[in-house]
1. Take the conditions under 12 Å from the mean Cα position of the chain (by Cα) and modelled with pLDDT under 95 and apply them to residue 97. Does it pass?
2. Taking residue 113, is it out of contact with any strand residue (DSSP E or B) (no Cβ under 9 Å at 6 or more places or on another chain), of a type outside the set (Asp, Glu) and either more than 20 Å from residue 66 (Cβ to Cβ) or at pLDDT 90 or above (or both)?
3. Which is of a type in the set (Phe, Trp, Tyr), under 15 Å from the mean Cα position of the chain (by Cα) and part of a strand (DSSP E or B), of 74, 46?
4. Could you grab me the full set of residues in segment 95-114 that are assigned to a loop (DSSP other than H, G, I, E, B), more than 19 Å from residue 43 (Cα to Cα) and hydrophobic (A, V, I, L, M, F, W, C)?
5. If you take the residues in segment 50-64 that are surrounded by fewer than 20 Cβ atoms within 10 Å (Cβ to Cβ) and in contact (Cβ under 8 Å) with a residue 24 or more places away in the chain, which one is nearest to the chain's Cα centre (by Cα)?
6. Inside segment 96-154, can you point out the residues that are in contact (Cβ under 8 Å) with a residue 60 or more places away in the chain and among the aromatic types (Phe, Trp, Tyr)?
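The values are calculated or read from the model by the stated rules, or taken from the named source; none is laboratory data. For clarity, every value in this text was computed on a predicted model and none was experimentally measured. Please note: Cβ atoms are built from the backbone with ideal geometry, for glycine as well, and neighbour counts cover all protein chains shown.
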Amino acid sequence: MSKVMVVGIGNLIMQDDGVGVHAIKALEELGFPKEVELIDGGTNSYDLIEEFCRAEQLIIVDAMHAGGVPGTIYRAPLDELGLQSVETITSLHEMHFVEAMKMTRMLGYDPPTIVFGIEPAEVAVGMDLSPQVAKKLPRLIELMQEEILKLLQE
């Protein structure tokens, strides 16, 4: 079981939608202790249920449409975000991490979860982050690193 599990969610070929995966790649270069597990969650949230069940504490990073200026960084406990499950899912490919967390809780696991988000500027086919999001990525990594270190001390 991971003391702190950090999961980056997103699609690398959809510009800013892939920011969660870009964040995981950047965090991998920092060298955390074995109590920290970094996971490229990609786009298939169904696969994350098993991972979420192994976490003592969970940090999720993803693009987040919250109405702010592109590049705005958000941080909040999952339960304070007011995210709702999508009731019209017709395929596992449409499942978001919120549904994966709901299923994790149904299985009896409920790790404390912090969500980091960044307001996207561009979500279109492309491998590179938009300039607005790329400029803020180092600050996002810094904030996440601080969060990880704080959780390790608890």
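1. For residue 97, the condition - under 12 Å from the mean Cα position of the chain (by Cα) and modelled with pLDDT under 95 - is met.
2. Taking the combined requirement at face value, the residue does not satisfy it.
3. Step by step, each of 74, 46 is checked, and only 74 is of a type in the set (Phe, Trp, Tyr), under 15 Å from the mean Cα position of the chain (by Cα) and part of a strand (DSSP E or B).
4. Hit for segment 95-114 is 107, nothing else.
5. Among those that are surrounded by fewer than 20 Cβ atoms within 10 Å (Cβ to Cβ) and in contact (Cβ under 8 Å) with a residue 24 or more places away in the chain, it is 51.
6. If the condition is that a residue be in contact (Cβ under 8 Å) with a residue 60 or more places away in the chain and among the aromatic types (Phe, Trp, Tyr), then 97, 116 are the ones that fit.
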